[in-house]
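**Student:** Following this message is one structure expressed as structure tokens.
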């Protein structure tokens with residue numbers, strides 16, 4: 001019966017970007033204001049009345065409130081009688097993006113779409129996810145104090161898209177902790193996960209949260225100003241097949257705290273050797289702010305789109 005129902009729908013993979021500050025997360029939200037909720041509304045609005053409200057969406061990578069996406073993937077299922085002809089792709093993209101700009105300007109853009117197999121799963125057939133975290137570092141104490149009292153136009157422009165840090169952030173220490181590869185390779189990242197049930201944090205049972213990662217730092221830039229005398233920009237790239245909730249933001253908090261000389265390298269190593277969510281809390285650490293984090297890309301082996309291995313069942 002399930003296979004019969006699946007054969008009664010058309011399935012497409014949509015590629016989208018969105019401003020995380022304008023949605024209650026990337027997935028559907030209980031408030032109805034998630035990025036997926038909005039895209040579902042846009043597609044339903046564009047369909048004939050007899051097929052409206054029949055669209056089903058499954059997002060590839062959930063993002064928290066405030067986290068942006070440069071390129072995320074969403075599986076879109078529509079009734080069999082609805083077809084998004086890929087030969088008319090430009091027309092479809094123009095129609096949907098015009099609706100987005102009409103109802104919620106600058107919030108989202110549909111970048112592309114293509115058909116996928118009935119057995120393709122946007123989460124389980126993934127190869128890896130690539131995130132980028134943007135840092136904006138004040139060049140002097142005087143600049144840091146000045147923008148705290150009276151933010152400049154540049155700070156207004158970037159405040160929702162980067163993490164501003166004081167001049168005490170030592171980029172050499174940041175490079176050091178990345179170069180010595182504390183986070184590279186496979187680790188149990190339980191100390192860096194947001195645990196949903198705080199009352200159970202005292203459980204001693206080991207948590208299976210092994211993740212294989214790669215991190216790299218590079219010079220960044222701002223689209224608002226080319227030559228900035230007040231700030232330095234850096235991008236930290238994090239690659240893995242999957243992540244725990246808030247894992248990247250907690251890792252970035254630890255890296256930034258170390259780079260500001262507020263914790264030691266031994267403390268980071270201890271968190272990795274003693275994986276449990278309570279350790280992060282007991283060290284009185286908080287997650288790095290969401291606005292500096294971008295889902296840069298979701299990468300698949302393109303053969304999975306039409307011939308997925310394994311072949312998954314995604315409810316229609």
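The values are calculated or read from the model by the stated rules, or taken from the named source; none is laboratory data. What you see is a predicted model, and the numbers here were worked out from it, not measured in a lab. Note that each Cβ is placed from the backbone with ideal geometry, even for glycine, and that neighbours are counted across all protein chains shown.
**Student:** Looking only at residues in segment 13-38 that are over 21 Å from residue 291 (Cβ atoms) and touching a residue at least 60 places away in the same chain (Cβ under 8 Å), which one is farthest from the chain's Cα centre (by Cα)?
**Tutor:** Among those residues, the one meeting the criterion is 13.
**Student:** What number of residues within segment 285-308 satisfy the criterion of being farther than 18 Å from residue 247 by Cβ and in contact (Cβ under 8 Å) with a residue 12 or more places away in the chain?
**Tutor:** Number of matching residues: 8.
**Student:** Counting only residues that are closer than 18 Å to residue 160 by Cα and touching a residue at least 40 places away in the same chain (Cβ under 8 Å), how many does segment 213-227 have?
**Tutor:** The qualifying residues number 4.
**Student:** Among the listed residues 216, 265, identify the single one that is outside the structural domain of residue 121 (by TED's automatic domain parsing), surrounded by fewer than 15 Cβ atoms within 10 Å (Cβ to Cβ) and either touching a strand residue (DSSP E or B) at 6+ places or on another chain (Cβ under 6 Å) or closer than 30 Å to residue 8 by Cα (or both).
**Tutor:** 216
**Student:** Can you pull out the residues in segment 14-39 that are in contact with a strand residue (DSSP E or B) (Cβ under 6 Å, 6 or more places away or on another chain) and assigned to a helix (DSSP H, G or I)?
**Tutor:** The answer is 20, 35, 36.
**Student:** Now for a different question. Would it be correct to say that residue 275 is crowded, with 19+ Cβ neighbours inside 10 Å, farther than 22 Å from residue 25 by Cα and either out of contact with any strand residue (DSSP E or B) (no Cβ under 6 Å at 6 or more places or on another chain) or at pLDDT 90 or above (or both)?
**Tutor:** So residue 275 passes the test.
**Student:** Output the residues belonging to segment 119-143 that are surrounded by 19 or more Cβ atoms within 10 Å (Cβ to Cβ) and within 30 Å of residue 303 (Cβ to Cβ).
**Tutor:** Within segment 119-143, 119, 120, 121, 122, 125, 129, 131, 132 qualify.
**Student:** Restricting the search to segment 84-100, which residues are exposed (fewer than 13 other Cβ atoms within 10 Å of the Cβ) and not in a helix (DSSP H, G or I)?
**Tutor:** 85
**Student:** Would segment 215-222 turn up any residue that is part of a strand (DSSP E or B), within 22 Å of residue 72 (Cα to Cα) and modelled with pLDDT of 95 or more?
**Tutor:** Looking for residues that are part of a strand (DSSP E or B), within 22 Å of residue 72 (Cα to Cα) and modelled with pLDDT of 95 or more, one finds none in segment 215-222, hence no.
**Student:** In addition: Any residue that is touching a helix residue (DSSP H, G or I) at 6+ places or on another chain (Cβ under 6 Å), in a loop (DSSP other than H, G, I, E, B) and under 13 Å from residue 231 (Cβ atoms) - is there at least one of those in segment 169-189?
**Tutor:** Among the residues of segment 169-189, at least one is touching a helix residue (DSSP H, G or I) at 6+ places or on another chain (Cβ under 6 Å), in a loop (DSSP other than H, G, I, E, B) and under 13 Å from residue 231 (Cβ atoms), which makes the answer yes.
**Student:** Please work out if residue 155 is surrounded by 16 or more Cβ atoms within 10 Å (Cβ to Cβ), free of Cβ contacts under 8 Å to residues at least 60 places away in the same chain and under 24 Å from the mean Cα position of the chain (by Cα).
**Tutor:** When the stated conditions are applied, residue 155 passes them.
**Student:** OK, next. Quick one: which residue in 74, 42 is outside the structural domain of residue 134 (by TED's automatic domain parsing), in a strand (DSSP E or B) and at pLDDT 95 or above?
**Tutor:** None of the other options fit; the residue is 74.
**Student:** Scan segment 273-284 residue by residue and report those that are touching a residue at least 24 places away in the same chain (Cβ under 8 Å) and either outside any loop (DSSP other than H, G, I, E, B) or farther than 15 Å from residue 247 by Cβ (or both).
**Tutor:** Answer for segment 273-284, where residues must be touching a residue at least 24 places away in the same chain (Cβ under 8 Å) and either outside any loop (DSSP other than H, G, I, E, B) or farther than 15 Å from residue 247 by Cβ (or both): 274, 277, 278, 279, 280, 281.
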